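These notes concern the structure reproduced below.
The values are calculated or read from the model by the stated rules, or taken from the named source; none is laboratory data. Since the model is a prediction, treat every value here as computed from it, not as a measurement. Note: ideal-geometry Cβ built from the backbone for every residue, glycine included; neighbour counts use all protein chains shown. Note: areas computed on protein heavy atoms with side chains; ligands, DNA, RNA excluded. Shrake-Rupley method; radii C 1.70, N 1.55, O 1.52, S 1.80 Å.
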Amino acid sequence: MENLIALLVAAPLLGAAVLLCGGKRLDRAGHWLGTLLAAASFVIGAVLFFDMLGRDTGERALHQHLFSWVPVESFRADIAFQLDQLSMTFVLLITGVGTLIHVYSIGYMEHDERRRRFFGYLNLFLSAMLLLVLADNYLLLYFGWEGVGLASYLLIGFWQHKPSAATAAKKAFLVNRVGDMGLSIAIMLMFTTFGTFAFGPVLAATGQASEGMLTAIGLMLLLAACGKSAQVPLQSWLGDAMEGPTPVSALIHAATMVTAGVYLITRSGAIFNAAPDAQLAVVVVGAVTLLFGAVVGCAKDDIKKALAGSTMSQIGYMILAAGLGPIGYAFAIMHLVTHGFFKAGLFLGAGSVMHGMNDEVDMRKYGGLRKYMPVTFVTFGLGYLAIIGFPGLSGFWSKDKIIEAAFAKGGTEGWILGAVTLLGAGITAYYMTRVMIMTFFGEKRWQPAPDAGAVPSAEPAAEDHAGRMPHPHESPKSMTIPMILLAFGSVFAGGLFSFNSAFVNWLEPVTAFEHGHPPISAGAVTASTVVVLLTGVGIAYAQYGRRPVPVVAPRGSLLTRAARRDLLQDDFNHVVLVRGGEHLTRSLVYMDHTLVDGVVNGTAASVGGLSGRLRKLQNGFARSYAVSMFGGTAVLIAATLLMRGV
Amino acid sequence: MNPVNYLYLAALLFTIGAAGVLIRRNAIVVFMCVELMLNACNLTLVAFSRMHGNLDGQIVAFFTMVVAAAEVVVGLAIIVSLFRSRHSASVDDASLMKL
């Protein structure tokens, strides 16, 4: 069985190689090939899953050693895989949601002449992500990690002819590099501390390392997670990454790539458990991002950017849960999986809306779409109910557990974290209701297009739309079927996982689990969650449902305006990092010119000047040479006489 | 006669020779001044030989004469060819190693 593990990675990799090297003759069938190989990977994953279920809890982890990559004395980098319950969960999520998004893309990218290349990149992405979660050592994980970064760069910048997309791709790549630096430093620290970077030995030996070293490793891992999972302070790339085609947003920036950070922290749980300071940092990052993303989500009029803010916020929940230690790991992963379903569903729904609305992304120009896109409306609506944590749906089960675990942290910390998570749930309900109402309810704001003739379009296929009225229509079957399947997941996954604590028991051998005891009863937590949630929905309804939504955004309060600009994160980066960097380089250049060049040029000039003066002695006149000879002789004789005299 | 007087004479001759080498421009005169310095040295050698009562100095004076004769041959040849190429016997005109 373990020989199948490599095939999980190999199938999409093969697809990427064939599609990207195959050239134009594959244009017709390329998308089918890509989808087929993604599906093949899912089937292999399912086979391995059922095989794993058939074995006892203690024997479920599988290992496959392919070959030694860099075998040097004590430095052993192996291409080896480890498939345990945690990896298995990710494999099923990645390949399952990934395959659905492949199917969706067949319809969504139908009119794009570079569709084959798009599927190649999607396959490359899947393969890198699978490598990341299947690796049995940090170095191979790093390889997958970089692969994911590369694939996301290619996909965000897929419409590279748009300068905004090209810039967004570059931005995502650069911000990710900052995080990658953290991961590489963490790996180096691990190697110097433990002499290895394979999961097994490192995580088993955490007792032997000093707490300071473990904290350093933990903080570096957290930096890495911040980059990939778009957490404060490395969150600025996620909003701009919405420049990519919508399936990319669904796949990379909702269901899989941004979860890599959560995976990393959960996988390295043993390190964080032994380093409370690093754990505290994780919790703080999660809590800050949770509110940050939620506030940004409230102010955005671009449907995809509102969802991006929501993604940031939900990942914040997961990071926070992962920072709580063994009481939170399982719930972090559970929320990750349910989030994978409903967020992918929401993004695909948003893509479907855009598909029917001439690629318009401004929600202020939607309105009343439920009659025109019934399937999209229902699936998006179920995703909406799931994400706000409506009782009974997926999001409820996982988010409620995280809030409970946050309270169970104990002490003042527990109360603060609990309050933050509750507040986050309320804001989530508010902005998601806002998205829902602005898109599907209310009066039509698109029929008399306000500035017909110049439909502002963020997507490239604008030329044939210019001047045409939007004509909302339901999307083709290849797009609606994945949405329906994801909606099923959004509704039932959470309940299924929570039935008999099935999910927690499943992950327990890997992540360990201990029951948290919140200071208030679980029932009270749930009740207050529901109250907060209904309050959020109510406020949103009062603001957007009861009165017409203005087509042109009102000026808004100071906070709104800041949130529209992503809470000034880009301005902050610009002032602190860009300007600061410019000043730093300028002063370095000045130093280089004056100090370094000064010394070198000064030496050269003084040697030159001296030799210019010495050169004058060589004038070619024999008589002046004779004078110097006489002079020298006279000095020599005088010196000799003087010395003898002494 | 006190042999020290020979030494005074030699010193005087040497000084005249040295001053001539430094001051005069005509190559022939410079050359003659060099000979004057050589002979001043010879005179010193012979005078010391006489004062110390051995022949070493006189023998060295012979060597000097032989070398000076050889030097005259080479030096005059150089001066003649220099004069032919530059139409001047001034040492200051020959300040470059090319024509």
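Specify the angular offset, from 0 to 90 degrees and rounded to the nearest 10, of the alpha carbon long axis of helix A:622-645 from the longest principal axis of the alpha carbons in chain A.
80 degrees
Could you give each residue of region A:591-606 its phi-based ³J(HN,Hα) in whole Hz, using Karplus coefficients 6.51, -1.76, 1.60 with θ = phi - 60°, and x for Gly or Pro?
So the J values, rounded to whole Hz, are 4, 4, 5, 7, 7, 5, 4, x, 5, 5, 5, x, 4, 4, 5, 5.
Output ³J(HN,Hα) for region A:421-432: one whole-Hz value per residue in order, computed from phi by the Karplus curve 6.51 cos²θ - 1.76 cosθ + 1.60 with θ = phi - 60°, and x for Gly and Pro.
5, 5, 4, x, 4, x, 5, 4, 4, 5, 6, 6
How would chain A be classified by its alpha-carbon gyration tensor: rounded, prolate or oblate, with rounded meaning a/c under 1.5 and the a/b versus b/c comparison settling the rest?
Here chain A falls in the prolate category.
For chain A, what is the calculated [θ] at 222 nm in deg cm²/dmol (nearest 500), taking -39500 (n - 2.57) for each run of four or more DSSP H residues and dividing by its residue count?
-22500 deg cm²/dmol
Of all the accessible heavy-atom surface of chain B, with the other protein chains kept in place and a 1.4 Å probe, what percent is carbon and sulfur?
Carbon with sulfur: 73 percent of the solvent-accessible area.
Would you tell me the accessible area of A:K305, worked out with a 1.4 angstrom probe on the heavy atoms of the protein chains, in Å² to the nearest 10?
Here the residue's solvent-accessible area equals roughly 50 Å².
What do you get for the angle between helix B:4-23 and the principal long axis of chain B? Use alpha-carbon atoms, 0 to 90 degrees, nearest ten.
10 degrees
Using alpha carbon centroids, what distance separates region A:151-187 and region A:585-635, in Å?
After rounding, the separation between the Cα centres reads 54 Å.
Straight-line reach from A:K305: which lysines fall under 20 Å, measuring Cα to Cα and dropping same-chain residues less than 8 apart?
Within reach: A:K162, A:K170, A:K171, A:K228, A:K343, A:K365.
What aspartates and glutamates sit close enough to A:K409 to cross-link, taking a C-alpha to C-alpha distance under 13 Å and skipping anything fewer than 8 places away on the same chain?
Output for A:K409: A:E514.
So what are the ³J(HN,Hα) numbers for region B:75-86, from phi and the Karplus equation (6.51, -1.76, 1.60; θ = phi - 60°), rounded to whole Hz, Gly and Pro as x?
Per-residue couplings from phi come out as x, 5, 4, 5, 5, 4, 5, 5, 5, 4, 7, 10 Hz.
With angles folded into 0 to 90 degrees, how steeply does helix A:477-498 sit against the dominant principal axis of chain A? Use alpha carbons for both and round to 10.
90 degrees
With a 1.4 Å probe and all protein chains left in place, how much accessible area per residue does region A:513-646 have, in Å²?
74 Å²
Report the trypsin sites (Lys or Arg not before Pro) located in region A:602-646 that are in a DSSP loop and have at most 15 other Cβ atoms inside 10 Å of their Cβ, or state none.
Counting only loop positions with at most 15 other Cβ atoms within 10 Å, the trypsin sites (Lys or Arg not before Pro) in region A:602-646 are A:K616.
Sorted by accessible area with a 1.4 angstrom probe, largest first, how do A:Y590, A:Y138, A:Y108, A:Y544 fall?
Putting A:Y590, A:Y138, A:Y108, A:Y544 in descending order of accessible area: A:Y590, A:Y544, A:Y108, A:Y138.
Report relative contact order for chain B in percent, whole number only (criteria: Cα-Cα under 8 Å, sequence separation at least 6).
It rounds to 28 percent for chain B.
Straight distance only, please: which aspartates and glutamates reach the Cα of A:K300 with their own Cα at less than 13 Å, same-chain residues fewer than 8 apart left out?
A:D240, A:D362, A:D566
What relative contact order, as a whole-number percentage, does chain A give when Cα pairs under 8 Å and 6 or more residues apart are counted?
12 percent
Would you mind giving the three semi-axes, in whole Å and largest first, of the ellipsoid equivalent to chain B according to its Cα gyration tensor?
33, 15, 7
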